[in-house]
Amino acid sequence: MKQDYVIGIDFGTDSVRALVVNARTGGQEGTAVQEYERWKQGKYCDAAQSQFRQHPLDYLESMEKAVVKALDNAPAEARNHIRGISVDTTGSTPVAVDRNGTPLALLPEMAENANGMFILWKDHTANAEAEEINRLAQTWPENYIRFVGGIYSSEWFWAKILRTLRVDPEVRDKAFSWVEHCDWVSAELTGVTDPLKLKRSRCAAGHKALWHQDFDGLPSNDFLKSLDPLLDGLRDRLFDTTETSDRPMGRISEKWAKKFGVPADTMIGVGAFDAHMGAVGALIEPYSLCKVIGTSTCDMLVAPNEEAGHLLIKGICGQVDGSIIPGMLGMEAGQSAFGDIYAWFGKLVTEPVRALLGEDAARELSAKLIPHLAEQAGKLPVTETDIIAIDWLNGRRTPDAKHTLKGGIFGLNLASDSPRIFKALVESTAFGSKSIVERFRSEGVPIHEVIAIGGVAKKSAFVMQTLADVLNMPIKVAASEQACALGAAMFAAVASGIYTTLPEAQQAMSSGFDAIYQPREKQAEVYQALYKKYQDSGAFIENQFLKKTQTAAIDAVSDQF
């Protein structure tokens, strides 16, 4: 049998994963994970201000180590038969670049400037700018936000650019253009980083940058200039056209071919976001909801354009032709925090232990805490008087993005112990997922099944069973531990010409599913009532608590005069 191998590279929030796949058999022959060293140290981030930045050197150094390790773990012949490499990343994670396409933080004089680094997807420092974009778009003759659910998010491309240009004169002076992480890494691997020449991802541009065929590309310069004169002329330094991820970006550069130790004719594919490629790796089909469950969630749907292309679905993160599977409408939703909520609760418990008993005790507790809480919470009954939590600890992504919202816990009493609170937090993330499912259905998009991938899906049976009960739907869990990297590898197999179409690559390279969680009838019935309480509690936070807080703040200012 002909030896054809491909590599999928998956850039997550905390680390990068490389996966070597036999494109003919689907065998996952070698894998490696490498953490980002600077990110691990907490550099360039300020959680209190919702600032999360990542240094480009973290990406470059970790990618090289991960790919080399993955190839070392693969059969010896694989290294000489690598045909293609494709990349997925978090997003929207843009960076300011100079005329050569170099991220500003790679310039010696800006090496420690956080505004010259990649602005991570969960950075919410641009909340005010997102609101300005929404206000202007709602009055502009061309409704540029109609294909992104009618609400622009602070997690996305334009809001982050505008905020950075406003607060940092050095970036204003040195930035020629802006590039998404998935585009920059793919271009870097080819050696062609000129921002006017590199191919831009349809996935990233359509979901986060307001690119659409109906607009002849990006929003007009008149719109951007009206938003802020700082954006005047930037459109001409960005892009008009985009490419789906089955297309090649170009051949690998000599530099990276030597670093990886792969053939000089290895093809690099056009990149995309992790969740979208993960859905491909999990065998997404029309009207299957694929949930990528990790620190946050991204929920993917695809549908034939002739059936759903006419819809304008309110409150989601966009609908883009070809963003997931070329030739189909790709739809995205998601939650701003999922696993991050469990990690927050774990830290709440372990931090006093660290302070009082030391690092070793805290580390031991941290390793055992969440599995212990899940085991204890799984033994508790589900009743209509249970604690209710709201999952907006990092704001709300969908439905109807509003990142200034806060989370909450309702119904505490003196018997509320840590397993009960943990159970409520897990249920809150499941209720957040249900609100997304209900939004799609109310907008005329059916959901036939649910597929789950990601760390939480593989590690926590308690979370997945709760999710199945709340959604009252079976949930299939993809077998691959690296579904996003596998999806990237499938795209690499098409971009390099091993397969003609993505469905061919999916069929040949799929790893299938290894678990199915069935909803339990009794629990599902109680969760219907608890979900109503979740909705009411969320409405209180959104419509009452925030109003009162704002009024109190105004009164406090007035009292000073």
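Assorted remarks:
- Meets criteria (in a helix (DSSP H, G or I) and without any contact (Cβ under 8 Å) to a residue 12 or more places away in the chain) for E109: yes
- The criterion of at least 3 residues that are within 24 Å of Y342 (Cα to Cα) and in contact with a helix residue (DSSP H, G or I) (Cβ under 8 Å, 6 or more places away or on another chain) is met by the following strands (runs of 3 or more DSSP E) wholly inside segment 432-527: 449-453, 475-478.
- Residues in segment 215-243 that are crowded, with 20+ Cβ neighbours inside 10 Å and out of contact with any Leu (no Cβ under 9 Å at 6 or more places or on another chain): T242, E243.
- Boolean, N80 is surrounded by fewer than 23 Cβ atoms within 10 Å (Cβ to Cβ) and touching a Pro at 6+ places or on another chain (Cβ under 7 Å): yes
- Neighbours by Cβ (under 9 Å, 6+ apart or cross-chain): first from segment 245-272, in the same structural domain as H81 (by TED's automatic domain parsing); second surrounded by 18 or more Cβ atoms within 10 Å (Cβ to Cβ) and modelled with pLDDT under 95: A272/G91
- For segment 284-301, taking the residues that are surrounded by fewer than 24 Cβ atoms within 10 Å (Cβ to Cβ) and in contact with a Leu (Cβ under 8 Å, 6 or more places away or on another chain), the one that is farthest from L329 (Cα to Cα) is identified as S288.
- Failed condition for I316, given (1) closer than 27 Å to K402 by Cα; (2) buried (at least 19 other Cβ atoms within 10 Å of the Cβ); (3) without any contact (Cβ under 8 Å) to a residue 60 or more places away in the chain: (3)
- Which numbered condition V382 misses (of (1) more than 22 Å from S296 (Cβ to Cβ); (2) in contact (Cβ under 8 Å) with a residue 60 or more places away in the chain; (3) surrounded by fewer than 16 Cβ atoms within 10 Å (Cβ to Cβ)): (3)
The values are calculated or read from the model by the stated rules, or taken from the named source; none is laboratory data. Keep in mind that this is a model prediction, so the values were computed, not measured. Neighbour counts are summed over all protein chains in view; Cβ atoms, including those assigned to glycine, are modelled from backbone coordinates with ideal geometry.
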